[in-house]
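Chemist: First, the structure itself, so that you have it in front of you.
Throughout, read-outs are computed from the coordinates displayed, never taken from laboratory work. Nothing here was measured: the structure is a model prediction, and the numbers come from that model. Here the Cβ positions follow ideal geometry from the backbone for every residue, glycine too, while neighbour counts run over all protein chains shown.
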Ligand code: GAR
């Protein structure tokens with residue numbers, strides 16, 4: 001699981017694995033930030049963790065090669081981006097194509113990118129939500145695995161809406177990982193069939 005911060009989605013996946021809902025385990029947590037709270041979560045659950053700060057590498061390829069090395073050392077079969085705030089580059093994609101998932105706090109393809117809960121509110125949408133998708137070279141553009149809708153309330157602020165979306169994220173991300181672990185996801189062009 002790749003993180004940049006709080007790691008609440010990481011926690012949801014760890015919990016689902018520990019409860020036996022998912023027949024898998026989090027092999028390693030990798031953060032691009034040394035102070036990411038998700039690193040504490042990994043420690044608490046005795047999960048190996050590593051920090052790679054992109055600024056310390058000569059370029060993105062070298063940075064990602066280091067990540068790939070660690071993922072392979074830990075025999076990772078799936079890479080979960082969980083609040084990992086970077087665009088995945090060629091190196092990671094080349095080694096894990098079709099095996100990288102991301103959670104995004106909007107109903108894609110609406111509102112890709114950053115600060116999307118505020119963008120959805122400002123746009124006046126009545127239904128917001130969350131998306132789990134496979135990662136391709138674009139920003140939040142890959143084939144969609146699962147989505148959850150969250151109705152917007154009249155008195156919603158960015159904070160209240162984000163909190164309700166996050167609750168749904170914590171449900172659909174472990175579900176998507178479970179489907180992957182059970183071999184039930186088939187990518188056919190843009191569509192992900194759940195078999
Ligand atoms: C989550 O809301 C996730 O969907 C979002 O960042 C938050 C991370 O929270 N990701 C993105 O916006 C990616 N573009 P967490 O660290 O507590 O899981």
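Chemist: Taking the beta-carbon count within 10 Å as an exposure proxy, list 8, 31 from fewest neighbours to most. Before the final figure, lay out the partial values.
Modeler: On the way: 8 18, 31 25.
Fewest-to-most Cβ neighbours within 10 Å comes out as 8, 31.
Chemist: Continuing with the same structure: If you count, for each residue, the other Cβ atoms within 10 Å and average over each peptide, how do 101-114, 59-72, 153-166 line up from highest to lowest? Could you put the intermediate results ahead of the total?
Modeler: Details: 101-114: 19.0, 59-72: 16.4, 153-166: 14.3.
Per-residue Cβ counts within 10 Å, averaged per peptide and sorted highest first, yield 101-114, 59-72, 153-166.
Chemist: Calculate, axis by axis, the spread of Cα positions in the chain along the three principal axes, and write the results as whole Å, longest axis first.
Modeler: 48, 39, 33
Chemist: Quick one: order 75, 115, 170, 133 by neighbouring beta-carbon count within 10 Å, fewest to most.
Modeler: Final ranking by Cβ density, sparse to dense: 75, 115, 170, 133.
Chemist: Oh, and also: Per-residue ellipticity at 222 nm for the chain, helices alone: DSSP H runs ≥ 4 residues times -39500 (n - 2.57), over residue total, nearest 500 deg cm²/dmol?
Modeler: -11500 deg cm²/dmol
Chemist: More than 15 angstrom separation, counting every C-alpha pair in segment 99-195; what % is that?
Modeler: 58
Chemist: Considering only DSSP beta bridges with both partners in the chain, what is the antiparallel share in %, to the nearest 5?
Modeler: On the way: 15 of 25 bridges.
Within the chain, antiparallel bridges account for around 60 percent of the total.
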